[in-house]
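Note sheet for the following structure.
Nothing in this text is a laboratory measurement; each read-out follows from the coordinates by a stated rule. None of these values were measured; they are calculated from a predicted model. Don't worry about glycine lacking a Cβ; one is built from the backbone with ideal geometry, like all the others, and counts go over all protein chains shown.
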């Protein structure tokens, strides 16, 4: 953590009463509280009053999201032997394995602009980010029990930071993608500029799934054991290692309701310079936004009792 | 004046059904979905039959800016739950709390510290978790590090710190919070004496700045010394609210079941035998006032009233003092010449032992009272264990043995002694 010295941001409630130096201490009445607000700064309501979204709190505590993300990143890289290398090894070896198995045996047709290794790696890049994000965020609330029971802040930031920290892994693993793209001679096209859009959608999808699963895990601990199966199922139900085109027509709808499909197809279309399947992308984006809204609501609803049940 | 905290009708209920309170499994939920419609029919009458515990019940409290409020009570009385609600960690089941200022809560030392991160990194992380902005932490960083006295280790991961260093750094971060409302739970019980002194000074400073502090502690002398208002909690309710000395006394009375005065109105219940019997014991001032809190600088007396039932025995009342820790401080018996070796005629007697000021240390004490014969042979006639309880209080006027020091002073005695200091030759 670097020492920040630019006065860039100031919190909306930072206009706290000025502290008089010790030498000129006045009696308590006279000092600080002439400026107490008329309306309460915080009104703690009972469980009976229902869900409060508290969007203002998220904004007020936004710097904490940064610090928690930074913590997760630092802690992750501090005590590993190979450090950064792991981040590359995981998707790279999976890609090599799948290339060996599927490309030699199954002979998927992934189009001329996108040879199978590049196809598989681009899919695995987003998939690794997504699945790690969901897995890390699921355990995050329980491993931060000491924070949840001792201090208030928007709890949403804990799983969000766990996912955010994965962006560093993603950035590092992307270097291999760049190398592969150069090796296979991917043409520089305007479509490439849309790559970040699909990364962003993956991030939102990870956030939606992560918030939902982590909130439920606090209450239903055995979800943790179910999660690996669900993640694996999701991998095979998404066109990560196989092209969507091999799926028979009557099963296509299954791919369409999976929000990851549009994201992966879009990402690859941008990479290969193909035309975008906009209806598919828009459906996926809408599903992701819907999932995020649902996750947000469920999380807020259960958040208030975390400290009691964790 | 406008209050800074207003707690209205707050209650908190915990469910304690089953093996794990409030802990379910996904399996339970799936099962629940299937059986729920039937269950509702079946259990509609007994749906509240699940065991519940009211950790807080109908709490109403108004706090003015600048108050330093000590909260005392037995374990499980609801102190921590109240702090958790005030610091927004958990929500009340009913009622509401209005906070007219920023809240900072210190329910443990080192909230948010991560062992792998360096001291510097942890200052920023913990500061942010406790509610400081990045700019604010950066501005106070030098001050925080200086206060902790561990400058040379600030770039070392805190897992290599000694526990003392860890606590210092953690408290320093917390001490530099500037909320209008500060909520503290026993965090003063850390560090060595010199550091505790710094912490107490800091609390004084915070109070002087007009901030409001809630302070839960089992340290009664600290409560009476620092606070101007104390709350006593029992079974989720506030049962005492007032001056710390009074509330602390009520608490001790409720936990020891004794006060500063004991009257045995029923002769058959009074401790004694056929020779002598206790009637009344009390702690009093020189002005003949019964007191439960005595000024450390003032002489006070323990007055024992007793009946001698059979003439012709040599008697001596004995008073033993025991402190909170169970340490026997001292015991004393009547060495006055008048009745020392005189067989006494039957009748009522009043003996008072005068304890000089500046002898006992601050704290809570109980006195055991006995009536004995030492002559010709030793014999115990009456004995009352924990007869009366009282506190010795130092209100820090500067003329007690504390002088200007406000931190913890160990020892069961606190004599005010004569010191001389001479400057040596400089050559």
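The table below gives the values:
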| read-out | value |
| --- | --- |
| Pairwise FRET efficiency - residue A:93 versus residue A:171, Cβ, R0 = 22 Å, nearest 0.05 | 0.70 |
| DSSP bridge pairs, the protein assembly as shown: antiparallel proportion in percent, nearest 5 | 75 |
| Partner chain coverage, peptide B:93-104 - average Cβ within 10 angstrom | 6 |
| Cα→Cβ-extended label distance, 7 Å offset, between residue A:179 and residue B:64, nm | 7.2 |
| Peptides ranked, highest mean first, by Cβ atoms within 10 Å: ranges A:172-178, B:248-254, B:65-71 | B:65-71, B:248-254, A:172-178 |
| Relative contact order [Cα under 8 Å, 6+ residues apart], chain A, whole percent | 22 |
| Relative contact order %, segment A:196-307, counting alpha carbon pairs below 8 Å whose residues are six or more apart | 42 |
| For chain B: rounded, prolate or oblate by the Cα gyration tensor [a/c cutoff 1.5] | oblate |
| Volume in Å³ per residue [convex hull over Cα atoms, computed for the protein assembly as shown] | 257 |
| Net lengthening on full extension, residue B:396/residue B:266 (0.36 nm per residue, minus Cα-Cα) | 42.6 nm |
| Burial ranking of peptide ranges A:216-226, B:210-220 (average Cβ count within 10 Å, highest at the top) | B:210-220, A:216-226 |
| Rounded to 5, the percent of DSSP beta bridges in chain B classed as antiparallel | 75 |
| Shape of segment A:87-134, Cα gyration tensor, a/c cut at 1.5 | prolate |
| Segment A:161-206 and segment A:231-305: distance between their alpha carbon centers, rounded to Å | 16 |
| Helix-derived mean residue ellipticity, 222 nm - over chain A, DSSP H n ≥ 4, -39500 (n - 2.57), to 500 | -19500 deg cm²/dmol |
| Whole-Å distance, taken between Cα centres, linking segment B:119-150 and segment B:335-406 | 52 |
| Shielding by partners - mean other protein chain Cβ count within 10 Å, residues of A:63-75 | 5 |
| Fraction in percent of alpha-carbon pairs per bin - 10 Å, segment A:203-310 | 13, 38, 30, 14, 4, 0 |
| Residue A:59 versus residue B:380: modelled label distance in nm, points set 7 Å from Cα along the beta carbon direction | 7.3 |
| Rg followed by Dmax, in Å, when chain A is reduced to its Cα trace | 23.5, 84 |
| Exercise: per-residue mean of other protein chain Cβ atoms within 10 Å, B:208-216 | 4 |
| Pairwise FRET efficiency - residue A:143 versus residue B:338, Cβ, R0 = 56 Å, nearest 0.05 | 0.15 |
| Sum of -39500 (n - 2.57) over DSSP H runs of 4+, divided by residues of chain B (222 nm, nearest 500) | -7500 deg cm²/dmol |
| Nearest-0.05 FRET efficiency for residue B:257 and residue A:75, computed from C-beta distance (R0 45 Å) | 0.30 |
| Mean Cβ neighbour count within 10 Å, used as a protection proxy, ranking B:55-64, B:79-88 highest first | B:79-88, B:55-64 |
| Sequence-separation-based contact order of chain B, relative, with Cα cut under 8 Å and 6+ spacing, percent | 14 |
| Approximate spin-label separation residue A:85-residue B:354, in nm, with each point projected 7 Å along Cα-to-Cβ | 8.5 |
| DSSP-defined beta bridges in segment B:261-393 - what % are antiparallel, rounded to 5 | 95 |
| Alpha-carbon centroids, segment B:291-325 and segment B:51-117: separation in whole Å | 42 |
